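Colleague: I am attaching a structure below and will ask some questions about it afterwards.
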């Protein structure tokens, strides 16, 4: 049963529970008993399925709380039937509290399942986009989607890696060139929109003959070319990329690293990461403000891979670069951040 179906089933069991409570004590005994039985069975089935599903997706805290809520409510209901306590008895008070808590946890679980279903839909679309972008056949996209729906992210990654390796092998056989050696340029072969908020590891800095004078002004060789380029790599792409530096502040920032002996060694010993995130984003991923667009941070080696592999590779589809870079600064004192701890 899919997460969305399970969430709807949970809502149905709640409605059945309300109706069965309303029918309790009515004169139509047989119909009432059958309705209560159906409601009870549906509640048990949903509870077991929801607890197992939440446990599988590593929402173990929610799974345990929901299980304890159902168990405590069941025990108190049994105690009520056995003891028949009068109004005002502590058992009645505890039972009412348990019912309220159970209702809250029920809707919390339903909302979690619904949210998971929404994420599955987004992931499905992302897989289709990925397939279109990197030349996967409909059959290959279908296999990846099936693995994703089962929650088997490791199988998804293995399948995508296998498909990419096969495509790379075919490309090399046809052209004699290994795609790993190919460098693609952002803004030409890949749209700026495809890399917004994604994180790259800077490998080299190409100044393209741009200079910085004593007044800290950047002078480009040509008004029709970028100030320079960054050679970078990222787990989101197979080939390396050239990122054009189109804002003078971004050129000054990366120069401050490569011109400082104490910092330039960190580019190889540690990691200089960069992300493209304009203050105002226009269609097609272009910047809609005069502020700089590239943000830099120096982090321990391995940070980039850890960032993209955490939580079933969530940042592949929902990048959160602020986890690495902190809050983005667009004016005032802007600088290359240094994050000495690998905190994600």
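Values in this text are rule-based calculations from the coordinates and carry no lab data. Just so it is clear, the model here is predicted, and its values are computed rather than measured. Note that we place each Cβ from the backbone using ideal geometry, even for glycine, and neighbour counts take in every protein chain shown.
Colleague: Roughly what would the spin-label model give for residue 97 and residue 263, points 7 Å off Cα along C-beta, in nm?
Modeller: 5.8
Colleague: Same structure again: Sequence gap at least 6, Cα distance under 8 Å: using those rules, report the relative contact order of the range 3-119 to the nearest whole percent.
Modeller: The value is 35 percent.
Colleague: Only residues of the range 280-299 count here: report those whose backbone N is under 16 Å from the spot 7 Å along Cα→Cβ of residue 331, or say none.
Modeller: Only 280-281, 288-293 pass the distance filter.
Colleague: Also, quick follow-up: Using Cα centres only, tell me the gap between the range 1-17 and the range 206-236 in whole Å.
Modeller: That distance is 57 Å.
Colleague: With each label point set 7 Å from Cα along the Cα-Cβ vector, what nm distance links residue 68 and residue 184?
Modeller: 4.9
Colleague: Can you put 282, 252 in order of Cβ neighbours within 10 angstrom, beginning with the fewest?
Modeller: Fewest-to-most Cβ neighbours within 10 Å comes out as 282, 252.
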